[in-house]
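Notes to accompany the following structure.
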Amino acid sequence: MPHDTIRFPLHDEDTAPGESPALLRQAGENLGKIPNLERVMASSPPLLRAYVQMWELFDETSFTPIERQVVYQTANYENNCTYCVPWHTWLSQQTGMAPAVSDALRQGLPLPDARLEALRVFTTSLIEQRGHPSSEMKEAFFAAGWEPHHALEAILGLAVKLMSNYTNGVAGTPLDSMVKPFAWTKPAAAKENHT
């Protein structure tokens, strides 16, 4: 989807309304640049504030940085977010995630680590079942060593991704130059299976 530049401008600190300039500065300090996602979100200061705060809250969960990226990237894949998959490929590299795990997440394939795979499958189930995973799915998740609080924390991660994935779907956010090497489209076989 092309970027709707008229309805969803890429704000900067000079054009953003309300409290968005301060939030854009914060994003720039954290990542070294202001991502286009946050620049689009800046049109709605409450959305941008919620996104920034909930991202920080997900960082405070008991998930490791790699585990958080599994939740995020699973949502990105399932929601077909061509903006977020490249960004989280780059972020996953920063965590030290094994390339085989990152590649599998980008392809929607089983992960080579059994515990991480259980997290990916459970996260996928939450999305596909609209928050109502089967009893069997929950038992498989807990049998892999995850705890009830992890199930709840995964919901927080999905809430963060709902904001970013849906914003990008509505606005057609253009991909930032720094992550263009990781550009992504959903594999054709996966698209066919979801139609």
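The values are calculated or read from the model by the stated rules, or taken from the named source; none is laboratory data. Note that the coordinates shown come from a computational prediction; the quantities given were computed from them, not determined experimentally. Note that we place each Cβ from the backbone using ideal geometry, even for glycine, and neighbour counts take in every protein chain shown.
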Spot the failing condition for residue 26; the list is (1) in a helix (DSSP H, G or I); (2) under 30 Å from residue 118 (Cα atoms); (3) of a type in the set (S, T, N, Q), and only one is missed.
(2)
Is it the case that some residue within the range 135-154 is within 15 Å of the chain's Cα centre (by Cα) and surrounded by 15 or more Cβ atoms within 10 Å (Cβ to Cβ)?
yes
Does the range 69-81 include one or more residues that are surrounded by fewer than 19 Cβ atoms within 10 Å (Cβ to Cβ), β-branched (Val, Ile, Thr) and under 14 Å from the mean Cα position of the chain (by Cα)?
no
Within the range 35-51, considering residues that are among the aliphatic types (A, V, I, L, M) and surrounded by fewer than 21 Cβ atoms within 10 Å (Cβ to Cβ), the one farthest from residue 95 (Cα to Cα)
47
Could you tell me whether any residue of the range 114-123 is among the polar types (S, T, N, Q) and buried (at least 17 other Cβ atoms within 10 Å of the Cβ)?
yes
Enumeration of residues in the range 1-25 that are at pLDDT 90 or above, closer than 21 Å to residue 168 by Cβ and of a type outside the set (A, V, I, L, M, F, W, C):
7, 9, 11, 12, 15, 17, 20
Can you name every residue in the range 124-134 that is surrounded by fewer than 12 Cβ atoms within 10 Å (Cβ to Cβ) and of a type in the set (D, E, K, R)?
130
Looking at (1) surrounded by fewer than 13 Cβ atoms within 10 Å (Cβ to Cβ); (2) in contact with a helix residue (DSSP H, G or I) (Cβ under 6 Å, 6 or more places away or on another chain), find the lone condition where residue 60 falls short.
(2)
Of the candidates 89, 74, the one satisfying the condition of being among the polar types (S, T, N, Q), free of Cβ contacts under 8 Å to residues at least 60 places away in the same chain and in contact with a Lys or Arg (Cβ under 7 Å, 6 or more places away or on another chain) is 74
Look at residue 108 and say whether it is crowded, with 17+ Cβ neighbours inside 10 Å, at pLDDT 95 or above, on the phi > 0 side of the Ramachandran plot and not aromatic (Phe, Trp, Tyr).
yes
So residue 163, is it of a type outside the set (S, T, N, Q) and exposed (fewer than 15 other Cβ atoms within 10 Å of the Cβ)
no
